[in-house]
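The values are calculated or read from the model by the stated rules, or taken from the named source; none is laboratory data. In this text the structure is predicted, and so the values were computed from the model without any measurement. Note that we place each Cβ from the backbone using ideal geometry, even for glycine, and neighbour counts take in every protein chain shown. These accessible areas exclude ligands, DNA and RNA; they are computed on the full protein's heavy atoms, side chains included. Shrake-Rupley method; radii C 1.70, N 1.55, O 1.52, S 1.80 Å.
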Amino acid sequence: AGEPLHVRLADGPDRCAGRVEVLHLRRWGTVCADGWDLAAARVTCRQVGCGAAVAVPGHGRFGPGPGPVWLAQVRCSGEELTLGQCGRPGWGQHS
């Protein structure tokens with residue numbers, strides 16, 4: 001199941017590349033790169049309609065987001081349909 005998450009990619013060269021951002025409390029925030037891997041990217045690309053994930057650029061490649069860090073330590077198998085189905089700590093819990 002998992003909760004529905006509104007997800008977008010920001011500040012990339014096109015709509016299918018960029019910093020991963022999620023909407024929470026009507027405010028866009030970022031997903032921390034700690035623990036982020038190709039499985040999580042695969043789920044995100046699928047959710048935003050961009051097909052297969054091809055790479056996970058290094059930390060901060062697309063710059064820091066203007067909002068809060070909403071999610072960290074996202075754990076996906078890569079088979080989930082949405083990022084909300086992946087395991088993670090609660091909102092805003094990051095180091």
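A simple charge model with +1 on the Cβ of Lys and Arg, -1 on the Cβ of Asp and Glu and nothing else charged puts the dipole of the chain at about 160 debye relative to its Cα centre.
Just from its helices, what would the mean residue ellipticity at 222 nm be for the chain, if runs of 4 or more DSSP H residues each count -39500 (n - 2.57) and the sum is divided by every residue, rounded to the nearest 500 deg cm²/dmol?
Details: 1 runs with 10 residues, N = 95.
When only DSSP H runs of four or more count, the value is -3000 deg cm²/dmol.
Positive end of the charge dipole of the chain (Lys, Arg +1 and Asp, Glu -1 on Cβ, about the Cα centre): tell me which of GLY35, GLY51, HIS6 has its Cα farthest that way. In the chain, that residue is HIS6.
At 1.4 Å probe size, with the rest of the protein present, what percent of the exposed accessible area of the chain is carbon and sulfur atoms?
On the way: 2870 of 5420 Å².
In the chain, the share of accessible area belonging to carbon and sulfur is 53 percent.
Full-extension gain between LEU23 and ALA55, please, as 0.36 nm times their residue separation minus the C-alpha to C-alpha distance. Numbers along the way, then the final one.
On the way: separation 32, 0.36 × 32 = 11.52 nm, distance 2.33 nm.
In short, 9.2 nm is gained.
When nucleic acids and ligands are ignored and a 1.4 Å probe is applied, CYS32 ends up with an accessible area of around 30 Å².
Could you work out Rg/(2.2 N^0.38 Å) for segment 6-85, with Rg from alpha carbons only? Mind showing how you got there, number by number?
Details: Rg = 11.3 Å, N = 80, 2.2 N^0.38 = 11.6 Å.
My calculation over the Cα atoms of segment 6-85 gives 0.97.
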